[in-house]
Amino acid sequence: MGSDLIKSSLFYADQRLCSAEILPPPQVRARIEVAVLNFLKALSSTTPAISNLPMISRRSDNCGLRSGLFSDVPSIFLSYNFCRRSLMRANDAKAFVRVWKVMQMCFLILGEGKLVTQRELFYKLICDSPEYFTSQSQVNRTLQDVISLLRCSRQSLGVMASSRGAIIGRLVLQEPGEEGIDCSTLGPAGHAITGDLNLLSKVVFNSDARYIIIVEKDGIFQRLAEDHLFNQIPCILITAKGYPDMATRFILHRLTQTFPEMPIFGLVDW
């Protein structure tokens, strides 16, 4: 009966869930090394075989929705259902090799202690392996395969998304070891939001604003910034120039954590 109670609990159900861990570079490099060693071990065995690459399936039927245990905020998760990349299937052969090429490049990037954008990763790969990579979409899909295989976040692999976002208004940004940036003194383009989520997580915010205003269109953002709206209405203006990228969403999340009482408004194209 006790075991039945455990199996029926949310804690037991959580064991089925899969997440991409945020790991330091040495651990990610170790996971890549283990993947290579396992592959070589399979090739050098008495009955050599090229093993498939088991990846967490990203299909919609492997997704689920649950309510938070301590909050009303729901979350989307992936279960431990696998898909495979195989060198033995004609349609998968190049995709199989691309996974190893991206892992190799990420291994080198992490060893150098650097971060690259997905666009930079694409240029590195078409220079290194033009026979396997011809488009940005191939790199993006393969990067998702590597995340599904190694189960670590994209940032942990040394890759950050290019940020389109900008911020301006009654806000001072204090990055570690740097002078504060007063966003009320900038030009109409505002302050470009970095795609480095690790850096964004360490930024300290100071503000006397009363509102946060999210502006969908960059042209409207620049017009409001040029007119110094933030001095007439004490506010912080943020734009992602259309569909919001991860970094812009993350800095907004950090602002809501820092200033939980500050209301947020959206100015969008209806």
Dipole moment magnitude, nearest 20 debye, segment 93-193 about Cα centre, only Lys, Arg, Asp, Glu C-beta charged:
520 debye
Net length gained if the chain between Asp61 and Arg151 were fully extended (0.36 nm per residue, minus Cα distance)
30.5 nm
Can you tell me the length gained on complete extension of the stretch Tyr123 to Lys217, counting 0.36 nm per residue apart and subtracting the Cα distance?
30.9 nm
Tell me whether segment 85-172 comes out rounded, prolate or oblate; compute the Cα gyration tensor, take square roots of the eigenvalues as a ≥ b ≥ c, and use a/c under 1.5 as the rounded threshold.
prolate
Out of the total accessible area of the chain (probe 1.4 Å, heavy atoms of protein only), what percent is carbon and sulfur?
56 percent
Would you list, by chain and number, the lysines whose Cα falls below 26 Å from the Cα of Lys124, excluding same-chain residues fewer than 8 positions away?
Lys94, Lys101, Lys114
0 to 90° range, to nearest 10: angle between helix 246-258 axis and the chain longest Cα axis
60 degrees
How big is the charge dipole of the chain about its Cα centre, in debye rounded to the nearest 20, if each Lys and Arg gets +1 on its Cβ and each Asp and Glu gets -1 on its Cβ?
1180 debye
Options Phe221, Ser44, Tyr132, ranked by Cα towards positive dipole end of the chain, top entry (Cβ charges)
Ser44
Read through the labelled values (i) 1.14; (ii) 0.96; (iii) 1.04 and report the label of the one computed as Rg/Rh (Cα atoms, Kirkwood Rh) from the structure.
(iii)
Plugging the Cβ-Cβ distance of Arg141 and Gln257 into 1/(1 + (r/R0)^6) at R0 = 25 Å yields, to the nearest 0.05, a FRET efficiency of 0.15
Expected output is a single nm value to one decimal: the length gained when fully extending between Leu43 and Asp208, i.e. 0.36 nm times separation in residues minus the C-alpha distance. What is it?
53.1 nm
From most to least accessible, 1.4 Å probe, no ligand or DNA/RNA atoms counted, Cys83, Cys152, Cys18 line up as Cys83, Cys18, Cys152
Charge dipole of the chain built from unit charges on the beta carbon (Lys, Arg +1; Asp, Glu -1), centred at mean Cα; most positive-end Cα among Pro26, Ile264, Gly190 is Pro26
Rounded if a/c is under 1.5, else prolate if a/b is larger than b/c, else oblate: which is segment 13-157, with a ≥ b ≥ c the root eigenvalues of its Cα gyration tensor?
prolate
Per residue, in Å², the accessible surface of the chain once ligands and nucleic acids are set aside, probe 1.4 Å:
58 Å²
Sort segment 166-267 into rounded, prolate or oblate with this rule: let a ≥ b ≥ c be the square roots of the eigenvalues of the Cα gyration tensor; rounded if a/c is under 1.5, and if a/c is not under 1.5, prolate when a/b is larger than b/c, oblate otherwise.
rounded
What 222 nm value per residue comes from the helices of the chain, counting each DSSP H run with n ≥ 4 as -39,500 (n - 2.57) and dividing by all residues, nearest 500 deg cm²/dmol?
-11500 deg cm²/dmol
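The values are calculated or read from the model by the stated rules, or taken from the named source; none is laboratory data. Given the structure is predicted, the values throughout are model-derived calculations rather than measurements. Heads up, the Cβs are rebuilt from the backbone with ideal geometry, glycines too, and the neighbour counts pull from every protein chain shown. When the accessible area is computed, the model is the full protein with side chains, heavy atoms only, and any ligands, DNA or RNA have been set aside. Shrake-Rupley method; radii C 1.70, N 1.55, O 1.52, S 1.80 Å.
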